[in-house]
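This report concerns only the one structure given below.
The values are calculated or read from the model by the stated rules, or taken from the named source; none is laboratory data. Quantities reported herein were computed from a predicted structural model and do not represent experimental measurements. Neighbour counts run over all protein chains shown; Cβ positions are idealised from the backbone, glycine included.
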Amino acid sequence: MLLWLFFKPAKAFDVLSNARPTANAVFFGLVVWLVAIPPVLAYIGGSNFGWRLGADEPLFLAQDVLVKISIGYFMALLFGFVSSAVIAKWMAATYGARLSLGIHYALMTIVGAPLVVGSIIHLYPHVFINIMVLVPALIWSMYLLYKGLPIVLRISPERGMLMASSLIAYLLVAAVSLLGVTVALWGRGFGPAVGI
């Protein structure tokens with residue numbers, strides 16, 4: 001199914017449109033494991049190579065700090081996934097789409113798959129290189145959302161575009177809010193101590 005996303009995304013969406021996955025089966029069978037991949041890769045890359053924030057020397061953090069950051073990363077990704085699926089389910093009533101939480105979990109799993117694959121770049125944690133890889137992965141995820149949402153949720157393409165755009169707006173607001181919370185917490189001492 002993962003290869004279908006890159007070579008035949010319409011086939012993956014057709015298969016999912018006829019499926020009736022349960023929320024627990026999707027969440028515990030697939031989501032938790034996929035969401036764990038980026039933090040694990042970031043931990044491995046950060047502990048082996050350190051983070052490069054520019055042309056300076058790499059920034060190595062203590063192992064306990066890396067573990068805490070990786071756990072926080074995992075929790076943020078998990079919250080983002082669940083909240084996106086719940087918001088999509090909530091919006092589904094407005095757009096006349098399928099209301100099953102399981103189908104929304106499955107759709108968000110497919111939409112997030114390119115970002116999981118792109119997170120392989122976390123093995124070499126250089127900020128610029130990570131951005132160069134993850135931005136195209138994000139664009140592919142957005143393409144999959146716009147392409148697949150109307151098929152999977154069985155709504156018209158027009159309604160699908162409106163619903164997908166609403167989800168993108170929610171995700172942008174959530175991302176900016178996460179940045180604000182992170183800066184506020186870091187400013188109050190809830191972050192790694194980085195000496196310059």
Quick check: is even one residue across the stretch 66-83 at pLDDT 90 or above, exposed (fewer than 14 other Cβ atoms within 10 Å of the Cβ), within 19 Å of the chain's Cα centre (by Cα) and not β-branched (Val, Ile, Thr)?
yes
State whether the residues of the stretch 139-150 include one that is small (Gly, Ala, Ser) and at pLDDT 90 or above.
yes
Selection within the stretch 86-103 - under 18 Å from the mean Cα position of the chain (by Cα) and free of Cβ contacts under 8 Å to residues at least 60 places away in the same chain
86, 89
Residue pairs meeting the criteria (Cβ under 9 Å; at least 6 apart or on separate chains; first within 21 Å of residue 141 (Cα to Cα), in the stretch 169-188; second of a type in the set (S, T, N, Q) and in a helix (DSSP H, G or I)):
170/83; 170/84; 171/84; 174/83; 174/84
What's the number of the only condition in (1) in contact (Cβ under 8 Å) with a residue 60 or more places away in the chain; (2) among the β-branched types (Val, Ile, Thr); (3) under 22 Å from residue 33 (Cα atoms) that residue 151 fails to meet?
(3)
